[in-house]
1. Determine ³J(HN,Hα), in whole Hz, for all residues of the stretch 120-131 in sequence, where each value follows from phi through the Karplus function 6.51 cos²θ - 1.76 cosθ + 1.60 and θ = phi - 60°; x replaces Gly and Pro.
2. Search the structure for amide H atoms under 5 Å from the amide H of residue 63, placed 1.01 Å from N in the peptide plane, and list their residues when 5 or more places away or on another chain.
3. Assuming R0 = 35 Å, what is the FRET efficiency of residue 131 and residue 186, from their Cβ-Cβ distance, to the nearest 0.05?
4. Kindly identify the stretch 113-230 as rounded, prolate or oblate by the Cα gyration tensor criterion: order the square roots of the eigenvalues as a ≥ b ≥ c, call it rounded if a/c is under 1.5, otherwise compare a/b with b/c, prolate if a/b is larger, else oblate.
5. Among rounded, prolate and oblate, which fits the stretch 51-156 when a ≥ b ≥ c are the square roots of the eigenvalues of its C-alpha gyration tensor, a/c under 1.5 means rounded, and a/b larger than b/c means prolate?
6. Could you pull out every residue, at least 5 positions away or on a different chain, whose amide H is within less than 5 Å of the one on residue 113? Hs are placed 1.01 Å off N in the peptide plane, and Pro or chain starts have none.
7. Using the Karplus curve 6.51 cos²θ - 1.76 cosθ + 1.60 with θ = phi - 60°, work out ³J(HN,Hα) for each residue of the stretch 90-97 in order, rounded to whole Hz, and write x for Gly and Pro.
8. Using 32 Å as the Cα-Cα cut-off, could you pick out the over-long pairs in 80/179; 79/179; 90/193; 80/193; 79/193?
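Values quoted throughout were computed directly from the atomic coordinates according to the rules given, and no laboratory measurement underlies them. It should be emphasised that the depicted structure is a prediction, and the values quoted were computed from it without experimental measurement. Quick reminder, even Gly has a Cβ in these numbers, built from the backbone with ideal geometry, and neighbours come from all protein chains shown.
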Amino acid sequence: MPPMSTTPTQTVVQPSPTKFNQVQPSLTKSDKTPPYAANPPSPPVPLGNPPGHYGRAVTTDHHFVDSVSFTIGGLFDPKKFTIDDPDVCKKGIATLLQALNNLRRAGAEGSPLLAVISTTGISKHSRDVPLAFLPFYHYGLSVPHADKKVMEERLLESAERWVAVRPSFLVDGGKPDRKIRVGVEDLNKGVEKKEVGYTISREDVGRWMYENLLAGENPQYSGKAVSITW
Ligand SMILES: NC(=O)c1ccc[n+]([C@@H]2O[C@H](COP(=O)([O-])OP(=O)(O)OC[C@H]3O[C@@H](n4cnc5c(N)ncnc54)[C@H](OP(=O)(O)O)[C@@H]3O)[C@@H](O)[C@H]2O)c1
């Protein structure tokens, strides 16, 4: 097991200034970069296909970045009630985990925190969506939810540091003054803190992730699924 990353200030992850999905998945690293608030970070490095991009994105001089923001998800087609690629999350996370393993074997050091967007509605321990949403979540979103479940299982099986962020239904429009409620679940042991809500904006998910995961260590969420909602 590689040493844990302990230098969050050395990595600057591009937060979402306007729209959450604009920064996904993205990360940058600069050991010389001053604090984010004072100096905006350099542009994020996209982790898209082909998978070889991961290697260049998650390491600098044989050191892993401190954190990876992974927000890949399928494009939902409301007419067909499915997504364009039903396996996109499981393939994406497998590619990332494999890349980390390969890079470690090649000498890369460190253990980046994988901040991974999952979803509410897939807990096996508790209902974390409102009753009114259940039919839509159960029937309409069964395909993407099956994919997210496998993605979370892959994280659980891995030896990486990770947090699965489960946002409620996504809308647009940041509300910085609106309280974000946070539920916490240990995938094996069950719910530690329960919160149920309808929606949250992409901007506020990005802000929450930046403030609570990417800008510094928050051990209470490590290896857990964290539901966030207004
Ligand atoms: N919509 C909701 O209510 C909701 C609720 C809970 C969780 N989520 C999750 O939240 C995240 C953002 O959702 P969203 O509604 O904002 O959807 P979105 O705009 O479609 O975001 C999905 C992102 O995944 C990327 N992506 C898809 N396939 C990829 C691939 N093969 N390689 C690399 N990137 C790929 C897309 O990149 P491009 O832009 O380049 O295509 C897109 O930016 C997703 O993970 C989604 O599953 C959504």
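1. Result, rounded to whole Hz: 6, x, 10, 5, 8, 9, 7, 7, 10, 10, x, 3.
2. The list, which skips near neighbours in sequence, is 109.
3. 0.90
4. Oblate shape, in that a/c is at least 1.5 and b/c is the bigger or equal ratio.
5. Prolate, because a/c is 1.5 or more and a/b exceeds b/c.
6. Here the answer is 67, 68, since their amide H atoms fall under 5 Å of that of residue 113.
7. Those phi angles translate into 5, 5, x, 6, 4, 5, 5, 5 Hz.
8. Violating the 32 Å Cα-Cα cut-off are 80/179; 79/179; 80/193; 79/193.
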